[in-house]
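The values are calculated or read from the model by the stated rules, or taken from the named source; none is laboratory data. Note that the structure is a prediction, hence the values are computed from the model and not measured. Note that we place each Cβ from the backbone using ideal geometry, even for glycine, and neighbour counts take in every protein chain shown. Calculation scope for accessible area: heavy atoms of the full protein, side chains included, ligands and nucleic acids excluded. Shrake-Rupley method; radii C 1.70, N 1.55, O 1.52, S 1.80 Å.
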Amino acid sequence: MRILVTGSTGYIGGRLAPRLAEAGHHVRVLVRDPLKLRDAPWADDVDVMTGDLADAAAVARAVEGIDVVYYLVHAMGARGDFENMELTVAHNVADAAAAAGVKRIVYLGGLHPAVPVDELSRHLRSRAKVGEVLLGSGVPTIAFQAGVVIGSGSASFEMIRHLTEVLPYMPAPKWVRNFIQPIAVRDVLYYLTAAASVPPEVSRTFDIGGPDVLRYGQMMNGYAVEAGLRQRPIASLPVLTPWLASQWVNLVTPIPRALAVPIIESLQFDCVVSEDDIRALIPDPEGGLTGYRAAVRLALARMNDGEVETSWQNSTVAGAPSNLIPSDPDWSGHTVFTDLREQHSSAPVEKLWDVVEGIGGENGWYSFPLGWALRGWADKLVGGVGLRRGRRNASKLAVGEALDFWRVETLERGRFLRLRAEMKVPGLAWLEMTTTSDGAGGSHYRQRAVFFPTGLGGRLYWYAILPFHGVIFSGMANRITAVAAVRSIMARNDQGAGPESLQSKADQAS
């Protein structure tokens, strides 16, 4: 079939598109920034079209000649009037699909109780209304309604994981006693893939969920068991309102407040499957649906093996700077602050690059850990993403991926990395790292921080943190080159190079 996948840079879409291509379908993806897919291993297997779903003309071009449209976009972390924005986008897709003669729309929405739509949380209400728009398009539509998705990198799984791992005792809102029916991401993908072949006369909503119905507290302790942790005592506190709970989640997990709020709001009701009619059209996968604890085991195994396909971390942060850095000549006439550090390393350039590309996440930033941690906490307190967002893969980066409170803007593997700041700052900031060979077996490291201040506040901010630059930025340059040298020595030692002790070489390199 000829298939259009929207939301292909998101958590579900980024997994579905390659599976559809593997199944032999002709897949087209519509993205605002094609650079986000540059490093996706499946990018050459699909047609990448640039466009915005808010642009009706772009949507009309995207659906030309398409049999099936997958609608997998949402504004979960968006602020402001996102409901009208989502409805506008849904109408664009619905109208264009009908005009182009699309045979099927497949939509993934949220599982919710059978209450009037206006009684739902803002995000669940918006999800439900988008489904209504698509179902009313005249194009046969399957609107799946799924609950908590469990898989490596999903926001819901990461929230459960961090709350359980960080807190030995859990003071929690009363919704921890609500019933939830989680579903493994592999089962969501199974249903989505199979939906393309459902007979055209079928057009309705379908609830989908895994085989287990659990209280949220049971899900946390189920995770504890699979992770080898002691089960956590949980106390339900009625005084913890959704707003307070979201602040709590924002502080103790990497999930930013903008994402924590809609997740927590969606947990205010029991969210369980009310019908299983989908089984009459799509049989259970071979071996049956995946149970909750099995899904947790699979997610943990993926994480331990460094094989997380997609992650909530890489979703666009509402309000975060998305401006590409201007070229240096464009700086003329503007106030720009820079901090430049250069350092030589005895390590070959490949070893130096390995350290650069592995920066952040569990590996840290190689200087003044307390300072970085405090900056991350400060960002969390004002609603930013914080430093603990981490990275999807421990050793490899890709353009468009999140890296703690940065995002990879430019990546020339083996030579150059530019990160764009997504922390809350009064201006725009970038961090660049360049590695080159010195022609004699060693390497040269160049590090540049660039800051475009906004108003007086931006200038005062730069001067306020200027005393820390000597510690943070010079420390980074010194430590990155030293670590590369030590790793180079260790690699030579493993190959039996020289009688000198490893410790002595490491001391010299440092």
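Spot the failing condition for Thr205; the list is (1) more than 30 Å from Gly306 (Cβ to Cβ); (2) open to solvent by less than 10 Å² (accessible area, probe 1.4 Å), and only one is missed.
Evaluating Thr205 over (1) more than 30 Å from Gly306 (Cβ to Cβ); (2) open to solvent by less than 10 Å² (accessible area, probe 1.4 Å) leaves (2) as the failure.
Exactly one condition in (1) within 27 Å of Glu401 (Cα to Cα); (2) under 22 Å from the mean Cα position of the chain (by Cα) is not met by Asp47; state its number.
Among (1) within 27 Å of Glu401 (Cα to Cα); (2) under 22 Å from the mean Cα position of the chain (by Cα), Asp47 violates only (2).
Condition first: crowded, with 17+ Cβ neighbours inside 10 Å and at pLDDT below 70. Now tell me which residues in the range 77-89 satisfy that.
Within the range 77-89, Gly77, Ala78 qualify.
Can you pull out the residues in the range 161-189 that are among the hydroxyl-bearing types (Ser, Thr, Tyr) and either surrounded by 21 or more Cβ atoms within 10 Å (Cβ to Cβ) or in contact with a helix residue (DSSP H, G or I) (Cβ under 6 Å, 6 or more places away or on another chain) (or both)? Give the steps one after another, and end with the answer.
From the range 161-189, those among the hydroxyl-bearing types (Ser, Thr, Tyr) are 164, 169; that's our starting set.
Scanning the range 161-189 gives a single hit, Thr164.
Considering each of Leu244, Leu192 in turn, give the residue that is among the aliphatic types (A, V, I, L, M) and open to solvent by 50 Å² or more (accessible area, probe 1.4 Å). Can you show your working first?
On the way: Leu192 fails: open to solvent by 50 Å² or more (accessible area, probe 1.4 Å).
Just a single option satisfies the conditions, and that option is Leu244.
Among the residues in the range 217-239, are any in a helix (DSSP H, G or I), of a type in the set (Val, Ile, Thr), open to solvent by 20 Å² or more (accessible area, probe 1.4 Å) and farther than 17 Å from Val149 by Cβ?
Residues of the range 217-239 in a helix (DSSP H, G or I): 217-226.
Restricting the remaining residues to those that are of a type in the set (Val, Ile, Thr) gives 225.
Right, trim to open to solvent by 20 Å² or more (accessible area, probe 1.4 Å) and you get 225.
Those still in the list that are farther than 17 Å from Val149 by Cβ too: 225.
Yes, because at least one residue in the range 217-239 is in a helix (DSSP H, G or I), of a type in the set (Val, Ile, Thr), open to solvent by 20 Å² or more (accessible area, probe 1.4 Å) and farther than 17 Å from Val149 by Cβ.
Residues being of a type in the set (D, E, K, R), under 15 Å from Gly65 (Cβ atoms) and open to solvent by 10 Å² or more (accessible area, probe 1.4 Å): count how many of those fall in the range 90-119.
Residues of the range 90-119 of a type in the set (D, E, K, R): 95, 103-104, 118-119.
From what's left, under 15 Å from Gly65 (Cβ atoms): 103-104.
Right, trim to open to solvent by 10 Å² or more (accessible area, probe 1.4 Å) and you get 103.
Adding up the residues that qualify gives 1.
Of the conditions (1) closer than 26 Å to Lys103 by Cα; (2) in contact with an Asp or Glu (Cβ under 8 Å, 6 or more places away or on another chain); (3) in a loop (DSSP other than H, G, I, E, B), Phe206 satisfies every one except a single condition; which number is it?
Failed condition: (3).
Take the residues in the range 386-403 that are in contact (Cβ under 8 Å) with a residue 60 or more places away in the chain, outside any loop (DSSP other than H, G, I, E, B) and open to solvent by less than 10 Å² (accessible area, probe 1.4 Å); name whichever of them is nearest to His162 (Cα to Cα).
If we take residues in the range 386-403 being in contact (Cβ under 8 Å) with a residue 60 or more places away in the chain, outside any loop (DSSP other than H, G, I, E, B) and open to solvent by less than 10 Å² (accessible area, probe 1.4 Å), then Arg389 is nearest to His162 (Cα to Cα).
Going through Val425, Val486 one at a time, which residue ends up being surrounded by 19 or more Cβ atoms within 10 Å (Cβ to Cβ) and either touching a Leu at 6+ places or on another chain (Cβ under 6 Å) or over 19 Å from Trp372 (Cβ atoms) (or both)? Full working, then the answer.
On the way: Val425 fails: either touching a Leu at 6+ places or on another chain (Cβ under 6 Å) or over 19 Å from Trp372 (Cβ atoms) (or both).
Every option except Val486 fails the conditions.
Given the conditions (1) among the hydrophobic types (A, V, I, L, M, F, W, C); (2) open to solvent by less than 50 Å² (accessible area, probe 1.4 Å); (3) farther than 20 Å from Asn314 by Cα, which single one is not true for Leu370?
That leaves (2) as the condition not met.
Within the range 1-76, which strands (runs of 3 or more DSSP E) (wholly inside it) include 1 or more residues that are touching a Lys or Arg at 6+ places or on another chain (Cβ under 6 Å), in contact (Cβ under 8 Å) with a residue 60 or more places away in the chain and buried (at least 16 other Cβ atoms within 10 Å of the Cβ)? I'd like the intermediate steps shown before the answer.
On the way: elements: 2-6, 26-31, 47-50, 68-71.
Where strands (runs of 3 or more DSSP E) fall fully within the range 1-76 and carry at least 1 residues being touching a Lys or Arg at 6+ places or on another chain (Cβ under 6 Å), in contact (Cβ under 8 Å) with a residue 60 or more places away in the chain and buried (at least 16 other Cβ atoms within 10 Å of the Cβ), they are 2-6, 68-71.
Residues that are open to solvent by 70 Å² or more (accessible area, probe 1.4 Å), at least 2 per element: which helices (runs of 4 or more DSSP H) completely within the range 255-319 meet that?
Working: elements: 257-265, 278-281, 292-304.
Counting at least 2 such residues, we get 278-281, 292-304.
Can you report the number of residues in the range 445-481 which are open to solvent by 60 Å² or more (accessible area, probe 1.4 Å), of a type outside the set (S, T, N, Q) and over 26 Å from Lys380 (Cβ atoms)?
1
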